[in-house]
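Shown next, in structure tokens, is the structure this report addresses.
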Amino acid sequence: MSNGHVDVVIALGSNIERERHLPEAIRLLRRHRGIEVTEVSRFFESAAVGGPEDAPEFFNAAVVACTRLGPKELRDELRDIEEALGRERSEDPDASRTIDLDLVFYGDLVEEFDGWSIPDPGAASAPHVAVPIADVAPQWVHPVTGETAYDIVAAMDASVVRPVTAIQLAPPHLTRGPADWDDHADVYAPRFESLVRQQLMEIGEDPDREGLLRTPLRVAKAFDFLTSGYSASLDDVVNNAIFDAEGADEMVLVKDIEFYSMCEHHMLPFFGKAAVAYLPNERIIGLSKLARIVDLYSRRLQVQERLTNQIAEAVQNILEPHGVAVIVEGRHFCMMMRGVQKQDSSTVTSAMLGTFKADARTRTELLGLVRG
Ligand code: ZN
């Protein structure tokens with residue numbers, strides 16, 4: 001816990017279309033601006049507790065996350081995610097559900113709210129809650145009992161909760177994998193993974209051959225990172241790292257900022273270096289933040305011209321400086337590997353605002369510094 005951030009544990013459960021809803025809930029948590037997911041447990045299977053005898057079994061998991069939201073706010077956000085995944089609340093606490101997201105631990109908070117409490121009572125008594133938590137955060141200390149999550153599970157009959165295999169998790173049309181897939185239920189984004197699998201078949205590959213078995217999973221993870229700019233915001237990136245310039249008015253230039261992006265025409269990478277300069281007017285920004293701003297806009301499908309302009313506009317908006325200049329030099333795989341196959345060509349784009357646009361001398365000074 002630092003900076004007003006609190007580590008929390010969220011328990012998840014689903015027994016309606018559980019192969020789809022559980023991974024999707026984790027994905028929505030990962031994409032949430034106010035919740036930073038740091039760890040995800042394996043998936044576990046358990047019989048429905050308390051419901052009718054033929055109630056479908058649950059998939060359960062637990063997530064460790066970091067947040068600035070208060071406990072009530074966080075619980076509201078979890079409810080919103082439940083709703084987005086079609087959860088209908090009924091009077092019956094044992095009813096089947098698409099998804100259940102329970103805030104189990106909130107730092108070491110112990111508090112009674114109206115009709116709910118933290119820690120969630122299930123953490124100490126319900127195997128389907130405790131086992132996934134022990135899987136992802138064995139050393140987490142229960143703030144009331146003082147026991148670790150590991151000790152809690154060791155002291156209960158946890159045999160009713162079983163780890164889920166990858167085969168159980170695959171959507172029905174994906175169940176042809178070999179029986180020796182490892183036990184680890186490593187599914188990230190089922191719909192995305194099934195699309196990648198289909199793509200592999202379209203190009204004439206056999207997605208069941210050994211080297212490709214985990215490729216859909218890997219591609220899903222890679223794309224989540226490569227497109228993470230969509231779910232981040234400029235505010236999060238800047239995160240209050242704006243300071244008083246204290247009279248400083250000389251040009252600030254950060255150059256050779258490496259970037260990696262993907263062209264929106266071919267979804268192939270383009271990469272290179274960016275230089276970002278501004279002329280301070282009362283406000284300056286932590287230098288590393290300029291690189292973060294470049295990442296924010298490059299981790300999306302882009303064209304280099306727009307990337308360049310977006311970086312410049314972002315700096316303009318947060319600092320309102322006398323001028324902003326951004327120069328991007330990129331090499332495009334769609335040109336290097338296909339089409340014209342010009343391996344050595346690079347593309348230079350620039351955006352000049354304020355003094356950099358109006359004053360040729362300032363521009364010349366900048367270009368000298370960038371090249372030098
Ligand atoms: Zn392209």
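The values are calculated or read from the model by the stated rules, or taken from the named source; none is laboratory data. No experiment lies behind these values; they were computed from the predicted model shown. Quick reminder, even Gly has a Cβ in these numbers, built from the backbone with ideal geometry, and neighbours come from all protein chains shown. All accessible areas refer to the heavy atoms of the entire protein, side chains included, with ligands and DNA or RNA removed. Shrake-Rupley method; radii C 1.70, N 1.55, O 1.52, S 1.80 Å.
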For the range 276-290, does any single residue satisfy the condition of being within 16 Å of the ligand (Cβ to nearest atom) and either outside the structural domain of PHE225 (by TED's automatic domain parsing) or on the phi < 0 side of the Ramachandran plot (or both)?
no
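Quickly run through the range 274-290 and pick out the residues that are among the charged types (D, E, K, R) and either touching a residue at least 60 places away in the same chain (Cβ under 8 Å) or assigned to a helix (DSSP H, G or I) (or both).
LYS289
Counting just the residues of the range 213-232 that are among the aliphatic types (A, V, I, L, M) and assigned to a helix (DSSP H, G or I), which one comes out surrounded by the fewest Cβ atoms within 10 Å (Cβ to Cβ)?
The selected residue is ALA222.
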Report whether or not GLU246 is open to solvent by less than 80 Å² (accessible area, probe 1.4 Å), out of contact with any His (no Cβ under 6 Å at 6 or more places or on another chain) and in a loop (DSSP other than H, G, I, E, B).
no
Kindly indicate whether PHE271 is open to solvent by 40 Å² or more (accessible area, probe 1.4 Å) and either of a type in the set (Ser, Thr, Tyr) or in a strand (DSSP E or B) (or both).
yes
Show me the helices (runs of 4 or more DSSP H) found entirely inside the range 291-372 where at least 2 residues are within 16 Å of the ligand (Cβ to nearest atom).
304-319, 333-336
Restricting to the range 230-275, name every residue that is more than 16 Å from the ligand (Cβ to nearest atom) and touching a helix residue (DSSP H, G or I) at 6+ places or on another chain (Cβ under 6 Å).
SER231, ALA232, LEU234, VAL237, VAL238, ALA241, LEU253, VAL254, LYS255, ILE257, ALA274, ALA275
Of the residues VAL6, VAL64, VAL110, VAL40, which is surrounded by 15 or more Cβ atoms within 10 Å (Cβ to Cβ) and either over 21 Å from TYR188 (Cβ atoms) or of a type in the set (S, T, N, Q) (or both)?
VAL6
Exclusive hit being modelled with pLDDT under 85 and in contact with a helix residue (DSSP H, G or I) (Cβ under 6 Å, 6 or more places away or on another chain), set ALA185, ALA220
ALA185
